[in-house]
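Down below is the structure, laid out as structure tokens.
Here, each number is a calculation from the coordinates, and none is a lab measurement. This one's a predicted model, so the numbers in the text were calculated from it and none came from an experiment. So basically every Cβ, Gly included, is an ideal-geometry build from the backbone, and we count neighbours across all protein chains shown.
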Amino acid sequence: MNRRDFLRVAAAGSALGMASMALPVYASVKASSSKKSQIKFKDDDLSDYLKKVRQYDEDHVGDVYFDEYNWGLLKSSLERFVRLQKMVGHGNFYLLDFDEALRLASTYPSVGEFTTPELNFLETLFYEQAAIYGFYGEKPLKNLTDRIPLREVVKVPNSGNYLYRGKPVETWEAIRKILGPDVVLTSGVRSVIKQFYLFLNKAYESGGNLSRASRSLAPPGYSFHGISDFDVGQAGYGQYNFTERFVLTKVYKTLRELGYLTLRYPRDNLLGVRFEPWHIKVGTRV
Ligand SMILES: [Zn+2]
């Protein structure tokens, strides 16, 4: 990757079609001298913000979209990720790092080498401040090439997912002991690549609306699935595990009662993210 190319694109300000993207008028983001970005509201603009995160999967005034050029790159990159996932297998894809993904893509014709415009697109998206399109969470994975150290994760039987050793696995095992077969691990460790795939897929489904995508899925680098967190569900509940109906389940009620549900994204949080009652905040693994 030619760093200067990227900087030139970024300096031109149109890399993601966000040329005129001043921050929405209702919000300002503190310079990140502290770790956390913070959102501040002018008086009653809070109600506009809350409407967006409650109606997270709709288009709203002020949402930020990819331009036509980058919409094309989103589609071609996403298709390549789909082929890559098929080639390496679902489980391995959770742990795949960026450099290895590039190497595999260029080695296997069934995937095909990432083009320079695609790489510029992915790099720009990764390093762009997500606050520009309305996501205000922290960024635990700072580098595009950050890896999941394989010795630090374990595969969780019958789930296809991985968890970090230490607190995440201990938390999961405690939960599993309490709830037995009622509880399922719906998502564990996710690499930068896996998060790219999920985020681009959501952005595609959202018609290129980055803001809408980021209300449901953390942009690559910003997901705590990269360092510790995981999602739980009620066995047999399928996709409802990822809706507010999850709060009606035995799993949710039990975990809440016992104090296990420290949520990363509580209802009406100020991070620009929808309510995610299934997402367990583990914190850092050390
Ligand atoms: Zn989650």
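Remarks
- Surface/4 of the Cα convex hull for region 49-190, nm²: 11.2 nm²
- Cross-link pairs exceeding 29 Å in C-alpha to C-alpha distance, out of Lys155/Lys177; Lys167/Lys250; Lys75/Lys281; Lys86/Lys177, comprise Lys75/Lys281; Lys86/Lys177.
- For region 182-253, the Kirkwood hydrodynamic radius from C-alpha pairs, put into Stokes-Einstein at 37 °C and a viscosity of 0.692 mPa s, yields a diffusion coefficient of 250 µm² per second.
- Plainly put, region 129-286 has a radius of gyration that is 0.95 times its Kirkwood radius, both from alpha-carbon atoms, as the Rg/Rh ratio.
- With the convex hull of the Cα atoms taken as the outline of region 104-163, the averaged projected area works out to 6.7 nm².
- Computed label-point distance, nm, for sites Ser47 and Arg256 using a 7 Å Cα→Cβ extension: 2.7 nm
- Cβ-derived FRET efficiency at R0 25 Å, Tyr69 paired with Asp99, nearest 0.05: 0.45
- Within region 172-265: Cβ-based charge dipole about Cα centre, in debye rounded to nearest 20 (Lys, Arg +1; Asp, Glu -1): 80 debye
- A straight line joining the Cα centroids of region 260-279 and region 133-158 runs 18 Å.
- Ordering Leu198, Gly166, Val184 by the projection of their Cα atoms onto the charge dipole of region 163-210, which places +1 on the Cβ of Lys and Arg and -1 on the Cβ of Asp and Glu, puts Gly166 at the extreme positive end.
- Taking 18 Å as the cut-off, the amide N atoms of region 143-185 that come nearer than this to a point 7 Å along the Cα-to-beta-carbon line of Asn92 belong to 147-151, 153-156, 160-162.
- The mean sequence separation of alpha-carbon pairs under 8 Å and at least six residues apart, normalised by the residue count of region 99-222, gives a relative contact order of 28 percent.
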